[in-house]
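Peer 1: First the structure, which I've put down as structure tokens, then a few questions once you've had a look.
Each reported figure results from applying straightforward, stated rules to the coordinates on display, with no laboratory input. It should be emphasised that the depicted structure is a prediction, and the values quoted were computed from it without experimental measurement. All Cβ positions, glycine included, derive from the backbone under ideal geometry; neighbour counts span all protein chains shown.
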């Protein structure tokens, strides 16, 4: 698999698993931000750089090491473990718990003020 195909595959995985839009791997990495761990983001940037270098005949000789292949495998393994629906459910539950906590705190403050003022 060529570095360009690897970059396209990772971009498709990031788009489908994380719901990040953009054209190409570099744009999706910028938009993904903190959704990806630092190590995975760094390895995906290695794959994106390899895809960029593969377009140039003289610079493509620098890709002989195979670091981008290992980085591609690690990124793909991480992204395939992500379940998009589970991510949405966790985000909704987190939002629900934060709002429930806020309602409890505001309710407790209202009761405390009413007791303090002598209405209860």
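Peer 1: Working out 0.36 nm times the residue gap between residue 80 and residue 115, then minus their Cα-Cα distance, what length gain in nm do you get to one decimal?
Peer 2: Details: separation 35, 0.36 × 35 = 12.60 nm, distance 5.47 nm.
Full extension from residue 80 to residue 115 adds 7.1 nm.
Peer 1: What 222 nm value per residue comes from the helices of the chain, counting each DSSP H run with n ≥ 4 as -39,500 (n - 2.57) and dividing by all residues, nearest 500 deg cm²/dmol? Don't jump to the answer; show the numbers that get you there.
Peer 2: On the way: 5 runs with 90 residues, N = 120.
Computed ellipticity for the chain at 222 nm equals -25500 deg cm²/dmol.
Peer 1: Calculate how steeply helix 84-117 sits against the longest principal axis of the alpha-carbon atoms of the chain, using the helix alpha-carbon long axis, and give the answer as 0 to 90 degrees to the nearest 10.
Peer 2: Once rounded, one gets 20 degrees.
Peer 1: Calculate, in nm to one decimal, what residue 42 and residue 91 gain on full extension: separation in residues at 0.36 nm each, minus their alpha carbon distance. Provide the component values of the computation, followed by the final result.
Peer 2: Working: separation 49, 0.36 × 49 = 17.64 nm, distance 2.50 nm.
Here the answer is 15.1 nm.
Peer 1: OK, next. Where does helix 67-81 land angle-wise versus the long Cα axis of the chain, in degrees 0 to 90, nearest 10?
Peer 2: The answer is roughly 40 degrees.
Peer 1: Further question: Cut-off 10 angstrom, C-alpha nodes, Gaussian network model of the chain. Which of 90, 30, 77 fluctuates the most?
Peer 2: Of 90, 30, 77, the most mobile in the Gaussian network model is 90.
Peer 1: Using Cβ counts within 10 Å as a stand-in for footprinting exposure, how do 4, 58 rank, fewest first?
Peer 2: Details: 4 15, 58 7.
Ascending Cβ contact count within 10 Å gives the list 58, 4.
Peer 1: Let me make sure I get this right: for segment 40-120, a, b and c are the square roots of the gyration tensor eigenvalues over alpha carbons, sorted descending. Under 1.5 in a/c it's rounded, otherwise prolate if a/b > b/c, else oblate. Which is it?
Peer 2: Details: a/c = 6.99, a/b = 4.05, b/c = 1.73.
Judged from the Cα gyration tensor, segment 40-120 comes out prolate (a/c at least 1.5, a/b above b/c).
Peer 1: Mind pulling the angle between the C-alpha long axis of helix 38-53 and the longest principal axis of the chain? Nearest 10 degrees, somewhere in 0 to 90.
Peer 2: Once rounded, one gets 30 degrees.
Peer 1: Between segment 1-29 and segment 71-120, how many Å separate their Cα centres?
Peer 2: 30
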